[in-house]
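What follows is a short report on a single structure.
Every read-out reported here was derived from the displayed coordinates using simple, explicitly stated rules and does not represent laboratory data. Note that this is a predicted model, so its numbers are computed, not measured. Note that we place each Cβ from the backbone using ideal geometry, even for glycine, and neighbour counts take in every protein chain shown.
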Amino acid sequence: MATVDDLKFQEFDDAANLLAANPDATTISIDEPAEIPKNQHGRLQEPGREEDDELLGTDDSDKTELLAGQKKSAPFWTFEYYQTFFDVDTYQVLDRIKGSVFPVPGKNFVRLYIRSNPDLYGPFWICATLVFTIAVSGNLSNFFIHLGKPTYHYVPEFRKVSIAATTIYAYAWLVPLALWGFLVWRNSKVMNIVSYSFLEIVCVYGYSLFIYIPTAILWIIPQNMVRWVLMMFSLCLSGSVLVMTFWPAVRDDNRRIALATVGTIVLLHALLAVGCLAYFFDAPELDFPASINPDHNGTTVIIESW
Amino acid sequence: MAAAEGSGAAGPLFAGLADVSISEDIPVEGEITVPVGSRSPDEDYSTLDEPVRDTIMRDLKAVGKKFVHVMYPKKSSALLRDWDLWGPLVLCVSLALMLQGGSADSKDDGGPQFAEVFVIIWFGAVVITLNSKLLGGTISFFQSLCVLGYCVLPLTVAMLVCRLVLLAGSGTISFIIRLIVVVAMFGWSTLASTAFLADSQPPNRKALVVYPIFLFYFVISWMILTFTPQ
């Protein structure tokens, strides 16, 4: 026979306290694409992991995530569906750019700035600007390097624009695709705290490329040491944004796989920077041999084409 | 037969009506006229019968009026209301033709080819239009293309001036003249198109829409400035 106390409404403890009292209890967490369960994931762990919450930015993003979860309901063949990816104001875009240039240690870029409102404006136009900046800066830098030489005839090198465009857009879209696929695959094997949607990964990559725009402009300076220092500096900044974003997503995985993933991300980022520097910007010291060779190659090409 | 039956059945119904008469002191006045179609204001006149010269001149005048609007941008809606793409086509083709004959030591290092200029202008204009519509702009697709295309006019003028200056010589002074002209025309193009397009955007996203336009005209200006004849 139930007592009066049993029939009274009982307030259940917070899940964290329950878990602290009984650490071996089995817990179930539902991994849905909606943002709300992710907060519960954070709380179902041991309460000692505060840096997780900070990294996840869960403290003040609940409301926005709840509100934001109701959008994106238009079918994908309508125009409104794509408008949801451009639902940003000027100050939001500027904030995200600022967040990518000044990474706050311990803050996750996705949780802090994107907050389930990934936009395609930033990635697309930052990539476009970067393409033209690299092409124009490379052209200007080559012009200044070869300026005094009598054999030098200025060429606009317009073909390099299409090469730059292909490289940068491929990097900004294919690498996130591969990374997203990899994270989804690992998620199916190991329960991770965080998982990002494809658009959030594209967003992080796009905004992390912003630092290369002023770097490319400064690469006009024809000093090797200056160029390498600039490249290291920008690589550290944008690399740290990427690392701080993706480390929580792979941390729970096998240690080696986690390190390999983060290492690959940084390596690819470095490869992009080094490749752009090497291809679009002539080296400042190699003067005469470099100016003779292109003519030689040019003549052989013309002969062969006939 | 049925009619006879009907009238027979209706007979007692309407019997009383035969006695109704209109008294003579109620005046019955009025006019009954039927407006026979005179169709005096001839709004939709048929353009099929007019001479071809009139048709062409009307379109040319519309294009010319838009050119004037671009050179002296005031906030008028003529450019937006009656869009046409003849002007942009003419400007794009002439700019691409003038950018031909760039230096071509080898195919890879020369200036942009005709197709590249054409694609950059049209693809760039389409992308900017899509961008402004996705950000919530109220302008229609072809109106935006029309404005962006017409605002290439100052840069086409700059290209013409550059080619003339390059005929005279290609030293430092000619470069400085070309630089000043191209920068001035680039500013004019950007301001003209912004004057027409910025109003149709939500106010907190104006900068997001203006920046791609700036980038677009910057790229075209760069192509004009770096043109070196062979």
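Which net charge results when you count Lys and Arg as +1 and Asp and Glu as -1 among the other residues whose beta-carbon is under 11 Å from that of residue A:257? Present the calculation step by step, with values, prior to reporting the outcome.
Working: positive: A:186, A:189, A:251, A:255, A:256; negative: A:252, A:253.
Charge balance near residue A:257 sits at +3.
Using modelled amide H (1.01 Å from N, peptide plane; none on Pro or chain starts), what sits under 5 Å from the amide H of residue A:194, excluding residues fewer than 5 places away?
Placed amide hydrogens put nothing under 5 Å from residue A:194.
Using a Förster radius of 25 Å, what is the FRET efficiency between residue A:217 and residue B:165 based on their Cβ-Cβ separation? Nearest 0.05, please.
Efficiency, rounded to the nearest 0.05: 0.35.
Starting from 0.36 nm per residue, how many nanometres of slack lie between residue B:130 and residue B:74 once their C-alpha separation is accounted for?
17.7 nm
Which of A:98/A:160; A:98/B:206; B:74/B:133; A:107/A:160; B:74/B:206 have a Cα-Cα distance over 26 Å?
Going by Cα-Cα distance, A:98/A:160; A:107/A:160 fall outside the 26 Å limit.
For region B:139-156, in order, what is each residue's ³J(HN,Hα) by Karplus, 6.51 cos²θ - 1.76 cosθ + 1.60 with θ = phi - 60°, in whole Hz (x at glycine and Pro)?
Ordered by residue, 3J(HN,Hα) equals 7, 7, 4, 6, 5, 5, 4, 4, 5, 4, x, 5, 6, 7, 4, x, 6, 5 Hz.
Determine the sum of side-chain charges near residue B:205: Lys and Arg each +1, Asp and Glu each -1, restricted to other residues whose C-beta is under 13 angstrom from that of residue B:205.
-2
Relative to the Cα centre, what is the charge dipole magnitude of region B:109-213, using +1 at the beta carbon of each Lys and Arg, -1 at the beta carbon of each Asp and Glu, and rounding to the nearest 20 debye?
With Lys and Arg at +1 and Asp and Glu at -1, about 180 debye.
Report the convex hull volume per residue for region B:79-225, counting only C-alpha atoms, in Å³.
Numbers: hull volume 15.3 nm³, N = 147.
Enclosed volume per residue, from the Cα hull, is 104 Å³.
In whole Hz, what ³J(HN,Hα) sequence does region A:109-119 give by Karplus (6.51, -1.76, 1.60; θ = phi - 60°), x for Gly and Pro?
4, 5, 5, 7, 9, 7, 6, 6, 10, x, 10
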